[in-house]
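Novice: Provided herewith is a single structure, encoded as structure tokens, for subsequent inquiry.
The values are calculated or read from the model by the stated rules, or taken from the named source; none is laboratory data. Keep in mind the model is a prediction, meaning the values are calculated, not measured. So basically every Cβ, Gly included, is an ideal-geometry build from the backbone, and we count neighbours across all protein chains shown. Accessible surface is based on the protein model in full, side chains and every heavy atom, while ligands, DNA and RNA are left aside. Shrake-Rupley method; radii C 1.70, N 1.55, O 1.52, S 1.80 Å.
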Amino acid sequence: MGFNPLEEKGIPLDKQLRNWSELNTRPYDKREVHPYTRTRIIALNGIEVEGVLHSHQFARHCPIPEVRRSLAVTRRIEQQQQKAVNWLIPADETTLEVTIGYEQVAVDLTAYLARTEPDAYVEQALEFGLLEDFDHLYRYANLMALIGGHRRAEEITGELTEILPGRPTISEHRHPHDDVRRPIDGERADPLTKLHLLTITAAEQQTMNFYMTIGNRPLEPLARALYLEIGQIEEQHVTHYESLLDPTESWFEGEVLHQYNECYLYHSFMTEETDPRIKQLWELHLAMEIEQLKAACELMRKHEGRDPEQILPKRLPEPTRFQSNIDYVRDVLRRQIDLTGRDTDFVPMDRLSRDDRYFDYQAKVHGDGDAAVPSQRVIADRIGLDGEDYRQSLEGEHPVERFRDRTQVRR
């Protein structure tokens, strides 16, 4: 039969508020937590933040007092949910350790969405972004090897996600016009595509927000510089993914889809969670989201005269899962490492002419020369310290030949 949240009984909205001790959740042990428990926490935090921000924007564009009050209620509850999720991250997990977790989310979540995505253009967009986040993980892992004490990134990611060069971060900086994609047609798109786009946009937005907030906190100048550079790419990624969303979608439809996606992801991660205590939190939040979804559906029926069931699947799709994607990522590396964006398309770098705006943009942001670019410097410094870069290769040498020499900084 499958799971249809509209047919399930959740927790009534007036029973969903919790007190401070309930929200102040006990953090996980950073040495014992499963890597994918950590990534699920990071991903769901991003989903809750996106839900709150969408609700605020809806309220700012809505003149109907009844709707604004209804949104305020669900938004307050979702703020509580966000706190309960985000407070699971322990204080003794350093900013850089959390960052490694964020980039593991970006790699394995994006890879899973791409290989299960029904729309070929959206799949390509996901694979394009995947190789850039894969490189970010490599750059931060090398930063950790330089300044992070005795801990290595592989202790955080486990033997689940390789740490290798992806599309070099230095090459990812594109003119803003070349990060705007073709939007989907909401009336024709598969519901799963809509959910995937909401999920990946929320995840990348959360990473962007995280780096915007904490990127200036490290003491080491190179660390500050690396967060500065990669934080710019995360803004590009939000532009990249949000431009795929249907811009003609109404605010009411958007609220319904956000709430449905939250039901979908809590249900997905609940089925996968290995930590019993945290699984209980996912179950609790799913029960809350069910009634928040019903409230959003009622707003749509009353104020738009539309039936939400017409835009929603009759049952939740197959769960979104955190899984190891090593072979898949390697295949994408072989096929796509030298792609870049040109207008709404993805093209090989060697097809650009020398007067293309890509090179003008690169010259402006890398004005001090390639050797001064933070993402290149961190690898050069690591090689200078240890004779080679830091990697975790679980399936042999790098699939792209020019990145197999660990003693050279490549572009």
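Condition check ((1) free of Cβ contacts under 8 Å to residues at least 24 places away in the same chain; (2) open to solvent by 60 Å² or more (accessible area, probe 1.4 Å); (3) within 12 Å of V85 (Cβ to Cβ)) across all residues:
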site	(1), (2), (3)
D14	yes, yes, no
E22	no, yes, no
K30	no, no, no
Y36	no, no, no
L44	no, no, yes
E50	no, no, no
A59	yes, no, no
C62	no, no, no
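Novice: I'm trying to understand the selection: among the residues of the range 159-183, which are under 19 Å from the mean Cα position of the chain (by Cα), surrounded by fewer than 24 Cβ atoms within 10 Å (Cβ to Cβ) and part of a helix (DSSP H, G or I)?
Specialist: Within the range 159-183, L160, D179 qualify.
Novice: Can you say whether L226 is crowded, with 20+ Cβ neighbours inside 10 Å and closer than 30 Å to F3 by Cα, as far as the supplied structure shows? Walk me through it before giving the result.
Specialist: Numbers: crowded, with 20+ Cβ neighbours inside 10 Å: yes; closer than 30 Å to F3 by Cα: no.
No; evaluated as a whole, the condition is false for this residue.
Novice: Where residues in the range 320-352 are open to solvent by less than 20 Å² (accessible area, probe 1.4 Å) and closer than 27 Å to E187 by Cβ, which of them is farthest from the chain's Cα centre (by Cα)?
Specialist: Result: G341.
Novice: Here's a follow-up. Just give me the residues in the range 251-285 being open to solvent by less than 10 Å² (accessible area, probe 1.4 Å) and over 17 Å from A296 (Cβ atoms), in sequence order.
Specialist: Once the filter is applied, which keeps residues that are open to solvent by less than 10 Å² (accessible area, probe 1.4 Å) and over 17 Å from A296 (Cβ atoms), the range 251-285 yields S268, F269, I278, W282.
Novice: Here's something else I'd like to know. When the range 353-411 is examined, which residues are found to be acidic (D, E), open to solvent by less than 60 Å² (accessible area, probe 1.4 Å) and either touching a strand residue (DSSP E or B) at 6+ places or on another chain (Cβ under 7 Å) or within 20 Å of A223 (Cα to Cα) (or both)?
Specialist: D389, the sole residue that qualifies.
Novice: If you go through the range 1-32, how many residues are closer than 30 Å to A91 by Cα, of a type in the set (D, E) and part of a helix (DSSP H, G or I)?
Specialist: Residues in the range 1-32 being closer than 30 Å to A91 by Cα, of a type in the set (D, E) and part of a helix (DSSP H, G or I): 1 in total.
Novice: Failed condition for F403, given (1) under 22 Å from V107 (Cβ atoms); (2) in contact with a Leu (Cβ under 6 Å, 6 or more places away or on another chain); (3) aromatic (F, W, Y), with all others met?
Specialist: The number of the failed condition is (2).
Novice: Would you pick out the residues in the range 268-315 that are within 18 Å of T74 (Cβ to Cβ) and of a type outside the set (A, V, I, L, M)? Don't jump to the end; show me each part of the working.
Specialist: Just the residues of the range 268-315 that are within 18 Å of T74 (Cβ to Cβ), to begin with: 284-304, 308, 312.
H285, E289, E291, Q292, K294, C297, E298, R301, K302, H303, E304, P308 - these are the residues of the range 268-315 that are within 18 Å of T74 (Cβ to Cβ) and of a type outside the set (A, V, I, L, M).
Novice: Are there any helices (runs of 4 or more DSSP H) wholly within the range 312-411 with 1 or more residues that are of a type outside the set (A, V, I, L, M) and over 29 Å from V180 (Cβ atoms), and if so which? Outline the logic, then answer.
Specialist: Working: elements: 326-336, 357-365, 374-386.
Once the helices (runs of 4 or more DSSP H) in the range 312-411 are filtered for at least 1 residues that are of a type outside the set (A, V, I, L, M) and over 29 Å from V180 (Cβ atoms), what remains is 326-336, 374-386.
Novice: Considering the range 183-220 alone, what residues qualify as being among the polar types (S, T, N, Q) and either farther than 16 Å from H258 by Cα or touching a His at 6+ places or on another chain (Cβ under 8 Å) (or both)? Give the steps one after another, and end with the answer.
Specialist: Here is the first cut: in the range 183-220, the residues among the polar types (S, T, N, Q) are 193, 199, 201, 205-207, 209, 213, 216.
Once the filter is applied, which keeps residues that are among the polar types (S, T, N, Q) and either farther than 16 Å from H258 by Cα or touching a His at 6+ places or on another chain (Cβ under 8 Å) (or both), the range 183-220 yields T207, N209, T213, N216.
Novice: Only one of (1) surrounded by fewer than 20 Cβ atoms within 10 Å (Cβ to Cβ); (2) assigned to a helix (DSSP H, G or I); (3) among the aliphatic types (A, V, I, L, M) fails for A91. Which number is that?
Specialist: (2)
Novice: I would also like to ask the following. Quick check, is R68 open to solvent by 20 Å² or more (accessible area, probe 1.4 Å) and in contact (Cβ under 8 Å) with a residue 60 or more places away in the chain?
Specialist: Numbers: open to solvent by 20 Å² or more (accessible area, probe 1.4 Å): yes; in contact (Cβ under 8 Å) with a residue 60 or more places away in the chain: no.
Answer is no for this residue.
Novice: Just the residues that are hydroxyl-bearing (S, T, Y) and either assigned to a loop (DSSP other than H, G, I, E, B) or more than 30 Å from L146 (Cβ to Cβ) (or both), please, taken from the range 214-264. Walk me through it before giving the result.
Specialist: We begin by selecting, within the range 214-264, every residue hydroxyl-bearing (S, T, Y); these are 227, 239, 241, 243, 248, 250, 260, 264.
The answer is T239, Y241, S243, T248, S250, Y260, Y264.
Novice: Select from the range 188-198 the residues that are touching a residue at least 12 places away in the same chain (Cβ under 8 Å) and not in a helix (DSSP H, G or I) and write down the one among them that is surrounded by the most Cβ atoms within 10 Å (Cβ to Cβ). Steps first, please.
Specialist: So the first thing to find is which residues in the range 188-198 are touching a residue at least 12 places away in the same chain (Cβ under 8 Å), and the list is 189-198.
Remaining after also requiring not in a helix (DSSP H, G or I): 189-190.
Details: A189: 19, D190: 15.
Filtering first and then ranking leaves A189.
Novice: Given the conditions (1) over 25 Å from P319 (Cα atoms); (2) outside any loop (DSSP other than H, G, I, E, B); (3) touching a Lys or Arg at 6+ places or on another chain (Cβ under 9 Å), and given that H136 satisfies all but one, which numbered condition is not satisfied?
Specialist: Of everything listed in (1) over 25 Å from P319 (Cα atoms); (2) outside any loop (DSSP other than H, G, I, E, B); (3) touching a Lys or Arg at 6+ places or on another chain (Cβ under 9 Å), H136 misses just condition (3).
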